[in-house]
Structures are given as C-alpha cells and as structure tokens.
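Okay, structure first, notes after.
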Amino acid sequence: VQLQASGGGLVQAGGSLRLACAASGGTFSTSAVGWFRQTPGKEREFVAVISGSGGATYYADSVKGRFTASRDNAKNTVYLQMNSLKLEDTAVYYCAARRSFVVHSATQEYSYWGQGTQVTVSS
C-alpha cells in the first residue's frame, strides 16, 4: 500500500484544516488508517485512527473533540478534519495503514507510511 498525505499548510490559531491520505495498491477497506504527528526532537505521536470500515475511531486526548477522522473507501482516501487548531498542533502529520482493520494507537502496529505533510499554526 502506498500512501500520500496532503492538505497541510499555514493556519491561524482557531482555524481549520483538512488533511487527506490517498492510498493506492492493496485492499484499502481492510486497513485501519492512523494519523500521527512529529515535531523536531520528539518522537512521533499518535493523533487519531479509523477502522477499515470507518465504523470505529479513536483519538488522542489532546485532539479529542477538535479532530475528526473519516474515510471514503470508494475513493481510497482517509481524511482528518482539524478544527480549533492550537499552536501546539504544529507538526508534520503522517498517515499510516495497518495490515488489520482494527484500530490501534502504537506506531509499531503500522506497516505503511505516507511521506508527511506540514501543519503550522500561527498566533
């Protein structure tokens, strides 16, 4: 499975962005897809995940209520809607796919990774 993340950019605090993760190859609907983020000098951290069917989602406490993951399996695309953005949301965001439809938050559970897209939140 190849993943391509897009949609990052510069936004003011309180604003919104929608990231997209387009997949090619493999059977996308059987893969849970997670979103992770990383800032310089820090480990990659879990943000959100959506199950293969889209029926289950799970979020990090830091983004719960502000971010929403969704997917369109007909388009082989997963989305991350980010609202009420904060300065601390600034990071490179990565999407990743599992060889399972079950949600999981650990980075080591993901076999396929996209290239990352920069999100910068300004004051």
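The values are calculated or read from the model by the stated rules, or taken from the named source; none is laboratory data. None of the values given here were measured: they were computed from a predicted structure. Backbone-built Cβ (ideal geometry, glycine too); neighbour counts: all protein chains shown. All accessible areas refer to the heavy atoms of the entire protein, side chains included, with ligands and DNA or RNA removed. Shrake-Rupley method; radii C 1.70, N 1.55, O 1.52, S 1.80 Å.
How high is the relative contact order of the range 1-119, in percent, counting Cα pairs under 8 Å that sit 6 or more residues apart?
36
Compare A106, A20, A69 in a GNM of the chain, Cα atoms joined below 10 Å, and give the one with the largest fluctuation.
In the Gaussian network model the winner is A106.
Between L10 and T39, what length in nm is gained on full extension when 0.36 nm per residue of separation is reduced by their alpha carbon distance? The partial results should precede the final answer.
On the way: separation 29, 0.36 × 29 = 10.44 nm, distance 1.52 nm.
So the extension gain works out to 8.9 nm.
Under 1.5 on a/c is rounded, so check that first for the range 62-104, then, if it is not, pick prolate when a/b is larger than b/c and oblate when it is not; a ≥ b ≥ c are the square roots of the alpha carbon gyration tensor eigenvalues.
It is prolate, given that a/c is not under 1.5 and a/b is the larger ratio.
Please state the charge dipole magnitude for the chain, taken about the Cα centre, from unit charges on C-beta atoms (+1 on K and R, -1 on D and E), reported in debye and rounded to the nearest 20.
140
Which value, in Å² and to the nearest 10, is the accessible area of R37 when all protein chains are kept and the probe is 1.4 Å?
Near enough 20 Å² of accessible area.
For the range 41-123, just run the numbers: alpha carbon Rg, then divide by 2.2 N^0.38 Å, N being how many residues it has.
Cα Rg divided by the expected 2.2 N^0.38 Å: 1.08.
On full extension of the chain, what length is gained from S84 through H104, given 0.36 nm per residue of separation minus the C-alpha to C-alpha distance? Please report the intermediate quantities before stating the final value.
Details: separation 20, 0.36 × 20 = 7.20 nm, distance 2.47 nm.
Length difference between fully extended and current span is 4.7 nm.
Using a 1.4 angstrom probe, figure out how much accessible area the range 1-61 has per residue, in square angstrom, rounded to the nearest whole.
Per residue, the range 1-61 has an accessible area of 49 Å².
Students often forget the sequence filter, so: which lysines lie under 17 Å Cα-Cα from K64 once same-chain residues fewer than 8 apart are removed?
Leaving aside lysines fewer than 8 places away in the same chain, those within reach of K64 are K86.
Out of A32, A23, A56, any idea which swings most in a Gaussian network model of the chain, alpha carbons joined below 10 Å?
With Cα springs under 10 Å in the chain, the top fluctuation among A32, A23, A56 is at A56.
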